Amino acid sequence: MKKLLTVSLLGLAMAAGSAQARDYDHVRFGVDVPYEPMEYRTPEGELTGFDIELGNALCEEIGVTCEWIEQEWDGIIPGLLSRKYDAIMSSMTINDERRATVLFSDPYITPPSAWFAPEDTEIDEPSTEALDGMTIGVQRGTLQDNYVTDHYGDVADISRYSTADDMVLDMEAERLDIVFLDFPVGKSTLLDSDEREYKVVGEMITEPKEYFGDGFGIAFRPRDEALAERFNEALATLKEDGTYDEIYKRYFEE
Amino acid sequence: MEQLNQWLAGLLEGNVIFTPQTLAYYWDGLVTTTQLVFLSLLIGLILAVPLAILRGSKHRWIKLPVYFYTYVFRGTPLLVQLYIIYYGVVFVDGIQESFLWPLLREAFYPALIAFTLNTAAYTTEIFHGAIKATSRGEIEAARAYGMSQALTMRRIILPSAFRRALPAYGNEVIFMLHASAIASVVTLMDITGAARFVYARYYAPFEAFIFAAAIYLCLTFAILYLFRYLEKRLLAHLKPLSGN
């Protein structure tokens, strides 16, 4: 009797176990559109962006088919938990608050920040000496603000703006010598500007972590550890074989 | 100074938000606000006296432009004026090459211009009202003594008008102090700018803004006290003789 109970319990546990560790051959991604250049629609209506292309490449690597389901940002985690889709790949920053409800993959990108200055600037490389006495523009309360304040607050004048637009206006007005911005924002507002010629000064900046965070990750339901592991492995492969760099270059370099 | 810093560091030990560094931001903010408000009030006052006299002129072509100026600056929000002067000025052709640019490039001077023009408009109207309220008897008496119009203005009308305008002008000074809080939208680090910075940095709205409010309160008290003292001195002749 006792044996029978054990066996049947074991069987029940196995059945439950197999129901949990579902093997996916089709993965549905939740995504909040638009957020250029991470996810947006082309004028023809086609869904594209860094997240979309990388997500598709990852699925191909794993050998599953994928589907993209649009979802507004404020309901994106509830949608995952209620099985509307199986994962979120939508520029989601990894943080502890979200870690409590979802399982994150390894970070697949840390959006870089960059220094932008007019084409004819005298600054070659941002450093304490080069920025001495310069006026630096940042958006108030952003991670860029914290970084600049701590590193160059003693030598340079820092102008803090409520919006990136105000800052760009003052850059065009020649009130600022250099600005420190999210690279994608700077690219679409300054590098693509018709008013003046701008360029990126120095390297893209993603370190240190205490300022620039853990980057963006793919979010899964906590029980789908196996699936997350497969995506992590695929991500590592794509980074090795150059596919990742190719996609990255298409969106984040001129 | 060294001792002061040590004492301050000891006092702030264990306080995450009010570090010596944030207090330095507030101090810089206090200096900026005081400079901005004091200078704009001073220049505004100097501009307002002749404007108030012109405003009361009998000639339409003198009176109307001044009226138009005060009407425009009292009829539009100071924030809009500040935006127009700060962001609008760069669209003037060739401004970047002109000798004015080193001044206009800074956020301080456009803000100073906006605040000065604004307070001058209000002060003009306050003085104009006070001049108009001069009793006819005083003017007639001055005439009877053979004073010219200019001398009457200088000796009789203006001194009594200043006294009458004092309480209203005290209010204008306090309003100006409070209005200066918008300077932070054009990147000036005034008291409010410092508070916004601390708020954004530490996600602590209450601490950041209540501290700023406390500084404004202290400044307002100082201004109130100054004007009460001035009123006591200058309006002593209007006090009832009996009692105190």
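The values are calculated or read from the model by the stated rules, or taken from the named source; none is laboratory data. Fair warning: this is a prediction, and the values are worked out from it, not measured in the lab. In this analysis, Cβ positions are derived from the backbone assuming ideal geometry, glycine residues included, and neighbour counts consider all displayed protein chains.
Annotations
- Within the stretch A:143-153, tally of residues that are touching a residue at least 40 places away in the same chain (Cβ under 8 Å) and facing another protein chain (nearest Cβ under 8 Å): 1
- Close Cβ contacts (under 7 Å, 6 or more residues apart or on different chains) running from residues in the stretch A:154-172 that are more than 8 Å from every other protein chain (Cβ to nearest Cβ) to residues that are assigned to a helix (DSSP H, G or I) comprise A:Ile158/A:Val148; A:Ile158/A:Thr149; A:Ala164/A:Val185; A:Ala164/A:Thr189; A:Val168/A:Thr189; A:Val168/A:Leu190; A:Met171/A:Leu190.
- Single residue of the stretch B:176-212 satisfying the filter (touching a residue at least 40 places away in the same chain (Cβ under 8 Å) and aromatic (Phe, Trp, Tyr)) that is farthest from B:Ala52 (Cα to Cα): B:Tyr202
- Residues that are crowded, with 20+ Cβ neighbours inside 10 Å, part of a helix (DSSP H, G or I) and touching a strand residue (DSSP E or B) at 6+ places or on another chain (Cβ under 6 Å) were ranked within the stretch A:173-193; the one that is farthest from the other protein chains (Cβ to nearest Cβ) is A:Phe183.
- The set of residues from the stretch B:91-119 being hydroxyl-bearing (Ser, Thr, Tyr) and within 14 Å of B:Leu188 (Cα to Cα) comprises just one member, B:Tyr109.
- Test result for A:Ile205, touching a helix residue (DSSP H, G or I) at 6+ places or on another chain (Cβ under 9 Å), more than 14 Å from chain B (Cβ to nearest Cβ), over 20 Å from A:Tyr35 (Cβ atoms) and crowded, with 16+ Cβ neighbours inside 10 Å: yes
- Residue within the stretch A:144-159 that is at pLDDT below 85 and surrounded by fewer than 16 Cβ atoms within 10 Å (Cβ to Cβ) present: no
- Looking only at the stretch B:181-222, and only at residues there that are of a type in the set (Val, Ile, Thr) and surrounded by fewer than 17 Cβ atoms within 10 Å (Cβ to Cβ), the one that is farthest from the other protein chains (Cβ to nearest Cβ): B:Thr220
- Test result for A:Thr135, more than 12 Å from chain B (Cβ to nearest Cβ) and touching a residue at least 24 places away in the same chain (Cβ under 8 Å): no
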